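Derivation of every value follows stated rules applied to the coordinates shown; laboratory data play no part. For clarity, every value in this text was computed on a predicted model and none was experimentally measured. All Cβ positions, glycine included, derive from the backbone under ideal geometry; neighbour counts span all protein chains shown.
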Amino acid sequence: MSMSTNNGASLDSNGMAGALVQAVDRTEVERNNRIMLYKLLLIVPVMLFFCASMVPLYKQICKVLGITATRAMAENTQVDTSRLIAIDFVANLNTNFAWNFVPVEKHVDVNPGAKMTINYRVTNTLPYATTGRAVPSFAPIEGGLYFNKIECFCFSNQTLQAGETRDMPVTFYVAANIPKDIGAIALSYTFFRVNDSEAATNLSAGNLKKAP
Amino acid sequence: MASTTTLDDATSHHDTHNEAHADAHDHGPGSWTRIFTTTNHKDIGSMYLWFSLFMFFVGGGMALLIRAELFQPGLQIVQPEVFNSLTTVHALIMIFGAVMPAFTGFANWLIPMQIGAADMAFPRMNNWSFWLMIPAAILLFASFAVPGGAAGSGWTLYPPLSIQGGLGVDMTILAIHILGASSIMGSINIITTLLNLRAPGMTLMKMPMFCWTWLITAYLMIAVMPVLAGAITMLLTDRHFGTSFFNAAGGGDPTMFMHIFWFFGHPEVYILILPAFGIVSQIIPTFSRKPLFGYASMVYATASIALLSFIVWGHHMFTVGMPAQGQLFFMYATMLIAVPTGVKIFNWIATMWRGSLSFETPMLFCIGFLCMFTLGGFSGLVLAVVPVDITLHNTYYVVAHFHYVLFPGAIWGLMAGVYFWLPKFTGRMYNETLGKWHFWLSAISFNITFFPQHFLGLAGMPRRIPDYALQFAEWNMVSSIGAFILGFSQLLFVWNVVSCIRSGAKAEAKQWEGAESLEWTHLPSPVPYHTFETAPIVK
Ligand SMILES: [Cu+2]
């Protein structure tokens, strides 16, 4: 009982018998502590597993609760379903430009306000890398005021390697406030060849060397 | 030693426990070398507290560097990369190095005494959980010296920035792993002690509030630390082993890290505050000379705060483009937490109501805690509103908010605890006048530092930037001046503690007449090295 002498408030006055009882109690306590330790340690792998399974868990919960619409995918409420606008796509090449340039979809009918994506296909038939640039135009001209392009390849240099074919998308919508008297719009692109000195200011040296 | 010698044959585990005790006695309490081998909960408690005091000043020094850089627009003192590292490591040190170890220090000192146990349930593991923190701290400090510097991604370690950083990020990740392991061991120890070692008659609903808040905090820690470990391990494999958990280029999703991180992160903020609630719940009744109002509702409120903390993490990421239903859920769930928190504030005020109050330093810190923490809670409610948060996200308003809950919340809770229990720990009294100076200087300079940051945030100043637009100059200057007063007035605290230990007036066993827990009613001051070797009977 040497240690109890340090023990101000709770002196152990039970003597040897008390000590024995206490010792038995303490083995019991040690055992209980150990069991508790294993139980609590079990939480660690469980939570690690939970962490690892968060992706499928989220997917499942969102599916069950029907939580799918993010802000980006919110429903477009601006579509005017009462009318259709006929859109024609035209492709032109400037003189002496030996590329092949065609619209993949030549014609679509679209509700004002609805988003639409079509493609143009361009092929470089020359035996070396060439750079071109497309310029759009509309008919009727005021139709262009209501034709909003979200994504387009025009006005920026397009460099194609020898024989390369590329699909270039145009994403657009026709403004919902388009006047009733415009029922059709034609969109025409004309590809111009960018001369080499101009291309040089815009392009990497690698492409330049291939050009004659 | 007779009572425990019988035990030696029973378990080898206990062997070392006794040896360490014997060892400590051979060297005497004066021998400092016992800190390496000690398994005594009071030794380890003190070691935790000194460690966290040291880290508090290191983290505080970093904060002052940050405020010095922001004193005026332009780059004066540190490069932007270093600035980023400073904000990151300041947060990591304050959270994992100062506040959490300080609470664990109090848990070690107080829990065995308050429930009438001789020591913690796993004394050797206790020693180990303390010493694990030292290599972690060294890793964090050393990361400043490696090429690329310390992690600069903010303490949240968001990818892709944390995937791009240098060796410093790896060292930070390793440090957090180690600290996490230390916290888990500490928590297991605390839960086992509280559930298995209570004295006869000490039922769960008779435990002092500090024990209750720690029981709940410890469960929170075991539950969320592995989640953090999982998240940063994935970060590590993304960095070095070609996985793409969070790397968009490989099909991963950086938002996923935010979800996992904040599933840890929100409960973490309650880990930082609940033990302070416990300390305050013991000090306010003492100096009101009334029992705590609504003890049972305090316990249930603490438990419901802990449970709710698992379902509100989305409020940290309202701007990532989550579904509107998700935003609404997280917004209402977050606001719901104000209810149990309000219950607690109400109970503390009701405890003081018509009490015979006296305003010693610990009580001053607790009243300061009540006022300032409530303010921080309100700005939290403001930030919980989705449309408001979308404009205030990542501004200084957020910085003001969490410093209002963490400094007067966690830190003042700890300061109050130190002043309150110092007479019990050391047997000597601190200097009351100096303590009051410490409180008032802290209270005034804290508000000078952080209140203007609300204005800066509302005006749109982003957080984590070393330079800013001219229109923010005035309030930044005010904030920096406040920060320096705040920082240096903490030296009064150190001076007070040290002079109390060395030459304070003799303290009584029951220094505070209103104190009712076992360490005050059953033990002398200073408490002896071994207490409650025989459990007291609690009526
Ligand atoms: Cu949160």
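Odds and ends about this structure:
- Karplus (6.51, -1.76, 1.60) ³J(HN,Hα), θ = phi - 60°, over the range B:415-425, in Hz, Gly and Pro reported as x: 4, 4, x, 4, 4, 5, 9, 3, x, 6, 5
- About its Cα centre, chain B has a charge dipole of approximately 1100 debye under the convention of +1 per Lys or Arg Cβ and -1 per Asp or Glu Cβ, with nothing else charged.
- Spatially proximal lysines relative to A:Lys149 (Cα-Cα < 24 Å; intrachain offsets below 8 disregarded): A:Lys106, A:Lys115, A:Lys180
- Pairs spanning more than 19 Å between alpha-carbon atoms, out of B:Lys42/B:Lys206; A:Lys39/B:Lys206; B:Lys424/B:Lys506; B:Lys206/B:Lys539: B:Lys42/B:Lys206; A:Lys39/B:Lys206.
- About its Cα centre, the dipole of the range B:378-509 is roughly 480 debye, where the only charges are +1 on Lys and Arg Cβ and -1 on Asp and Glu Cβ.
- In this structure, the amide hydrogen of A:Ala176, modeled 1.01 Å from its nitrogen in the peptide plane, lies closer than 5 angstrom to those of A:Gly113, counting only residues at least 5 positions away or on a different chain.
- Karplus (6.51, -1.76, 1.60) ³J(HN,Hα), θ = phi - 60°, over the range B:54-64, in Hz, Gly and Pro reported as x: 4, 5, 4, 6, 5, x, x, x, 5, 4, 5
- With a simple spin-label model that places each label point 7 Å from the Cα along the Cα-to-Cβ direction, the separation between A:Leu65 and A:Thr171 comes to 2.8 nm.
- Furthest towards positive pole of dipole, B:Thr33, B:Ser297, B:Pro226, structure part the protein assembly as shown, Cβ charges: B:Ser297
- Kirkwood hydrodynamic radius of the protein assembly as shown, from inverse mean 1/r over distinct Cα pairs, in Å: 30.0
- 10 Å Cβ neighbours from other chains, averaged over peptide B:222-229: 5
- Average Cα contact separation per residue, chain B, under 8 Å, 6 or more apart, as relative contact order %: 17
- Within the protein assembly as shown, helix-based [θ] at 222 nm, where runs of 4 or more DSSP H residues each add -39,500 (n - 2.57), nearest 500: -19500 deg cm²/dmol
- Nearest 10 degrees, 0 to 90: helix B:432-458 Cα axis against chain B principal axis: 20
- Restricting the calculation to Cα atoms, the range A:85-203 shows an Rg/Rh of 1.02 when the hydrodynamic-style radius is the Kirkwood one.
- Scaling the Cα radius of gyration of chain B by the globular reference 2.2 N^0.38 Å produces a ratio of 0.96.
- Distance between the pseudo-spin-label points of A:Val104 and B:Thr243 (7 Å out from Cα toward the beta carbon): 3.7 nm.
- Shown is the FRET efficiency for B:Leu336 and B:Arg502, computed with R0 = 45 Å from the Cβ-Cβ distance and rounded to the nearest 0.05: 0.35.
- Scattering from the range B:463-539 was approximated by placing one identical point on each alpha carbon and applying the Debye formula without solvent; log10 I(q)/I(0) at 0.27 1/Å stands at -1.21.
- Label separation (B:Phe144 vs B:Trp128): 3.2 nm, computed from points 7 Å beyond Cα along the C-beta direction.
- For the range B:456-494, the residues whose backbone nitrogen is under 15 Å from a point 7 Å from the Cα of B:Gln76, taken along Cα to Cβ, are B:466-470, B:472-485.
- Per-residue 3J(HN,Hα) values for the range B:159-172, derived from phi via the Karplus relation 6.51 cos²θ - 1.76 cosθ + 1.60 with θ = phi - 60°, read x, x, 4, 6, 7, 7, x, x, 4, x, 5, 4, 5, 5 Hz in sequence order (x marks Gly and Pro).
- For the range B:160-174 and the range B:427-453, distance of Cα centres in Å: 37
- The range A:85-203, relative contact order [Cα under 8 Å, separation at least 6], %: 37
- Helix B:361-384 axis, angle to chain B major axis (alpha carbon atoms, nearest 10°): 30
- R0 of 25 Å, Cβ-Cβ distance A:Ile182-A:Thr95: FRET efficiency to nearest 0.05: 0.20
- Against the main long axis of the alpha-carbon atoms of chain B, helix B:100-115 sits at an angle near 30°.
- Cα-Cα P(r), the range B:183-340, percent of pairs per 10 Å interval: 10, 30, 30, 18, 9, 3, 0
- Other protein chain Cβ atoms within 10 Å, averaged over every residue that makes up B:188-201: 3
- The residue among A:Val46, A:Cys62, A:Thr27 whose Cα reaches farthest toward the positive pole of the charge dipole of the range A:19-65, with charges on the beta-carbon of Lys, Arg, Asp and Glu, is A:Cys62.
- Principal axis analysis of the Cα atoms in the range A:19-65 yields extents of 62, 18, 7 Å, listed in decreasing size.
- Cα-centre dipole for the range A:19-65 with unit charges at Cβ (Lys and Arg positive, Asp and Glu negative), debye to 20: 300
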